[in-house]
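A short write-up of the structure that comes next.
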Amino acid sequence: QVHLAESGGGLVQAGGSRRLSCSASGRSFAAYAMAWFRQPPGKEREFVAGFSRTGGYKYYADSVKGRCTISRDNTKDTMFQQRNDLKQENTAVYYCAFDRDVITSCLRLPKSYDYWGRGTQVTVST
């Protein structure tokens with residue numbers, strides 16, 4: 001069975017930074033598209049950033065461009081999300097997800113991913 005585990009969440013002051021991690025077991029990241037999503041309180045889950053399965057392309061939501069950097073270590077089956085200049089509206093549960101077959105037009109859709117972690121809470125205070 002596949003297992004994804006997010007870590008690195010916590011409380012951070014506005015303007016601060018945080019690095020989130022997603023570690024996989026039971027599957028290798030090497031042949032999978034993978035992505036970060038977030039779900040703010042009372043809102044729908046939304047795309048943050050992700051990798052395509054091939055080519056190593058990175059995709060970022062407009063809302064986080066310039067403030068977010070994702071990286072991927074296939075050897076360790078780990079994905080990272082570096083967030084800078086966090087704002088209160090960034091408060092959310094952050095999830096990682098991956099799937100073997102995701103095309104570009106569907107990368108931002110939660111339903112495109114079969115495998116999900118349980119999420120890690122990031123709370124940004126003023």
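The values are calculated or read from the model by the stated rules, or taken from the named source; none is laboratory data. Being a predicted model, the structure only gives us computed values, none of them experimental. Don't worry about glycine lacking a Cβ; one is built from the backbone with ideal geometry, like all the others, and counts go over all protein chains shown. Each accessible area value is taken on the protein alone, full model and side chains, heavy atoms only, with ligands, DNA and RNA left out. Shrake-Rupley method; radii C 1.70, N 1.55, O 1.52, S 1.80 Å.
Counting only heavy atoms of the protein chains, get the accessible area per residue of region 1-74 (1.4 Å probe) and round it to a whole Å² value.
52 Å²
Please compute the per residue accessible area over region 83-126 with all protein chains in place, 1.4 Å probe, rounded to a whole number of Å².
Here the residues of region 83-126 average 56 Å² of exposed surface.
Taking the Cα centre of region 22-126 as origin, sum charge times position over the Cβ atoms of Lys and Arg (+1) and Asp and Glu (-1), and report the length of that vector in debye to the nearest 20.
60 debye
Isolated Cys in the chain by the 4.7 Å beta carbon test?
Flagged as lacking a Cys partner: 68, 106.
Sequence neighbours fewer than 8 away in the same chain don't count; with that in mind, list the lysines whose C-alpha is under 18 Å from residue 87.
Within the straight-line cut-off, residue 87 pairs with 43, 65.
Run through the DSSP bridge list for the chain and note the antiparallel percent, rounded to the nearest 5.
90 percent
Of all accessible surface on the chain at a 1.4 Å probe, what whole percent is carbon and sulfur?
45 percent
Which of the lysines could be linked to residue 58 by a straight reach, that is with a Cα gap under 22 Å, when you skip same-chain ones fewer than 8 residues away?
Answer for residue 58, where 22 Å is the Cα cut-off: 76, 111, listed by chain and number.
Work out the P(r) tail for the chain: percent of alpha carbon pairs separated by more than 21 Å, whole number.
Counting every Cα pair in the chain, those more than 21 Å apart make up 31 percent.
Name the residue from 56, 113, 103 whose Cα lies farthest towards the positive end of the charge dipole of the chain, charges +1 on Cβ of Lys and Arg and -1 on Cβ of Asp and Glu.
Value: 56.
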